[in-house]
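The values are calculated or read from the model by the stated rules, or taken from the named source; none is laboratory data. Since we're looking at a predicted model, the values are computed, not measured. When we count neighbours, we look across all protein chains shown, and the Cβ atoms used for this are built from the backbone with ideal geometry, even at glycine.
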Amino acid sequence: MNTTSNIRPLYEIAQEQAGGSGKRTMTLSMGPQHPSTHGVLRLELELDGETVVKCTPEIGYLHTGIEKEMETKLYYKSIPMTDRIDYMSPMSNNLGFCLSVEKLLDIEDAIPDRVKWIRVLMTELTRINSHLVWLGTHALDLGAMSVFLYAFRERELVLDMYEMVSGQRMMATYFRIGGLMDDVPKGFDKTVRKFIRTLHDRIKEYEDLLTNNRIFQMRTIDIAKVSAQDAIKLGLSGPSLRGSGIDYDVRKAFPYSDYDKFDFEIPVGQNGDVYSRYQVRIEEMRQSLHIVAQAIDGLPEGPFRAHVPGVVLPPKQDVLTKMEAMIYHFKIITDGFKVPEGSVYVPIESGKGEMGYFIDSDGSNIPNRVRVRPPSFVNLSALGEMVKGHLVADVVATIGSIDIVLGEVDR
Amino acid sequence: MRGRFSAEIVSEYVHRGQLSFYVHPDSIVKILTALRDEKSLRFDYLADICSVDHLRKKAKTNERYEVVYNIVSIPNSFRMFVRIRVSAEAQKIPTLCNEWPCANWLEREVWDMMGIEFKGHPNLTKIVTADDLEGHPLRKDFGIKYEIQHFTHTKDDPIEVVPDNPFH
């Protein structure tokens, strides 16, 4: 008696179900609870055997209406919400929003140098934070479990520094419109210097584990190749764009917050495949460390808030002793501040790519419209094109390589 | 370029050093592709498409909505905004999907959140909002509703048990 004859491959059954229509493909739903989709992302894969014919990402499971919510709040009350957009790089979000409002208010020149440099320092640490999470999860998806544990170990150090400056480990809300929440504490520079030394060695360790790893190379080289022209057409940004050989980084192209005073390079990949994007991000972490080192060495002295009465809170000592300062404090907290009519867009380079805030003001104390240009959203829209013709396992590698955060995709 | 499209450009607007042009809705594809193909300009990177609802200042301007195309010239490091005003809700805008594939999702989001339709879009369906949500949330007349938490039972007002209900 032959029992094995009843077992048939799945695609044959799929063909049979499709009937005489000549359809050779079957549809597979991946997610939204799949661990390697990095959140609540659902992919509808149309498969021919194990080859992807069509991939349709479906999003919206994490939609929280942040943009609408911001239209109902005073300007400064939106800052905590920006943390939650891309929850892997909270400080970059804060920075984008604050810069945008500062541009609308036209108080950019009043921002002290110390504020700018601390902002640069913290956003570069944020980039490292974002890339470490990416590295860990990406490697985990491809089967390298240990990298995940190591990357998260170093991420803890970054979170410790967040806690030092803001009292919060993840949703820091450290930047304010026109300044910072508070100055950096005593001993912060020592912690940062120690971290730079540690991470320099650790990045070497990650590279030892992955860069020349044969399994890792086989899973990533020549997978999801995007040519330079396609990358621009698809609107990719950040390391996904630079992996394809386009030298576009907002920090260099449209310098903000004194980035033009720092010495750093923009790593650019060659092949535009998953491996190139990996190389770009690893090199970016080194460059970020280089910027952090410059920022901590040359940190200028000065106040941690701009002196703009009526917009930026006055120093606490003045609030307690001077009448005008107390009135300003009270007015700003209760009533906010009026922003001149008009709209601006300020982009910054977050860990994921170009993140920009388009704010339209109608002259009142709440914005008329806040639009977040989400890098992950646009990068994810390219996924369907990228994975065409690859295997199902490569879809996982590709999702990892474009580094999406679903909080930012859905907002 | 300004001379070539003098008929299509409605007005120029500079705010805080950022340059925008208001153009006629029907000529948007023509203008953006011309800006992309012009050798000296090369605005080939479409960074963003977003929409604004001007219901609050509708008294001043007749057109209620505005769509902002955010384009970047990577070789020149220059960013520019091309804007169109949309007056009626039924007015449709030509799609950019054929020129820039990334416009597909961005336009879908504009439609989903603001309800501005795009002519010739291959798949203009809901993208971020829930399937059972009616309306377009970013419109100003779409009110924000807060859920009020009602306590269903307290010590004085205990839970009502319906004996006929098979679930109790």
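Across region A:260-279, what is the number of residues that are surrounded by fewer than 24 Cβ atoms within 10 Å (Cβ to Cβ), within 18 Å of the chain's Cα centre (by Cα) and either away from chain B (no Cβ under 14 Å) or closer than 17 Å to A:Gly96 by Cβ (or both)?
Residues flagged as surrounded by fewer than 24 Cβ atoms within 10 Å (Cβ to Cβ), within 18 Å of the chain's Cα centre (by Cα) and either away from chain B (no Cβ under 14 Å) or closer than 17 Å to A:Gly96 by Cβ (or both) within region A:260-279 amount to 2.
Would you please list the contacts, defined by Cβ atoms under 9 Å and residues six or more apart or on different chains, that run from a residue in region A:82-110 that is under 30 Å from A:Ala151 (Cα atoms) to a residue that is of a type in the set (Phe, Trp, Tyr) and in a helix (DSSP H, G or I)?
From region A:82-110, the pairs are A:Thr82/A:Phe97; A:Met88/A:Trp134; A:Pro90/A:Tyr162; A:Met91/A:Tyr162; A:Phe97/A:Tyr75.
Residue under question is A:Ile221, and the condition is that it be β-branched (Val, Ile, Thr), over 16 Å from A:Glu349 (Cα atoms) and surrounded by fewer than 18 Cβ atoms within 10 Å (Cβ to Cβ); does it hold?
yes
Out of the residues in region A:334-364 that are among the polar types (S, T, N, Q) and more than 13 Å from every other protein chain (Cβ to nearest Cβ), state the one that is farthest from A:Glu284 (Cα to Cα).
The residue in question is A:Thr334.
Would you please list the contacts, defined by Cβ atoms under 6 Å and residues six or more apart or on different chains, that run from a residue in region A:341-367 that is free of Cβ contacts under 8 Å to residues at least 40 places away in the same chain to a residue that is in a strand (DSSP E or B) and of a type in the set (Gly, Ala, Ser)?
Pairs found: A:Glu341/A:Ser361; A:Asp360/A:Ser343.
Test of understanding: among B:Ser51, B:Ser77, which residue is within 25 Å of A:Leu234 (Cβ to Cβ), without any contact (Cβ under 8 Å) to a residue 24 or more places away in the chain, at the interface with chain A (Cβ under 10 Å from one of its Cβ atoms) and in contact with a helix residue (DSSP H, G or I) (Cβ under 6 Å, 6 or more places away or on another chain)?
None of the other options fit; the residue is B:Ser77.
Can you pull out every residue in region B:66-109 that is of a type in the set (A, V, I, L, M, F, W, C) and touching a Cys at 6+ places or on another chain (Cβ under 7 Å)?
The initial filter retains those residues of region B:66-109 that are of a type in the set (A, V, I, L, M, F, W, C), namely B:67-68, B:71-72, B:74, B:78, B:80-82, B:84, B:86, B:88, B:90, B:93, B:96-97, B:100, B:102-103, B:105-106.
Across region B:66-109, the qualifying residues are B:Val68, B:Ala103.
Go through (1) within 8 Å of chain A (Cβ to nearest Cβ); (2) surrounded by 15 or more Cβ atoms within 10 Å (Cβ to Cβ); (3) part of a loop (DSSP other than H, G, I, E, B) for B:Leu46 and report which single condition fails.
B:Leu46 satisfies every listed condition except (3).
The conditions are (1) free of Cβ contacts under 8 Å to residues at least 60 places away in the same chain; (2) polar (S, T, N, Q); (3) closer than 18 Å to A:Tyr87 by Cα, and A:Thr173 fails exactly one of them. Which is it?
The failed condition is (1).
Would region A:224-241 turn up any residue that is more than 19 Å from A:Glu354 (Cα to Cα), touching a Leu at 6+ places or on another chain (Cβ under 9 Å) and at pLDDT below 90?
Yes, that holds for at least one residue.
So is A:Lys73 in a helix (DSSP H, G or I) and among the charged types (D, E, K, R) or not?
Values: in a helix (DSSP H, G or I): no; among the charged types (D, E, K, R): yes.
The answer is no for A:Lys73.
Hey, does region A:157-178 have a residue that's more than 17 Å from A:Ser401 (Cα to Cα), hydroxyl-bearing (Ser, Thr, Tyr) and touching an Asp or Glu at 6+ places or on another chain (Cβ under 7 Å)? Spell out how you get there, then give the answer.
Taking region A:157-178 first, the residues more than 17 Å from A:Ser401 (Cα to Cα) are A:157-178.
Subsequent filtering for residues that are hydroxyl-bearing (Ser, Thr, Tyr) retains A:162, A:166, A:173-174.
Still in the running and touching an Asp or Glu at 6+ places or on another chain (Cβ under 7 Å): A:173.
Among the residues of region A:157-178, at least one is more than 17 Å from A:Ser401 (Cα to Cα), hydroxyl-bearing (Ser, Thr, Tyr) and touching an Asp or Glu at 6+ places or on another chain (Cβ under 7 Å), which makes the answer yes.
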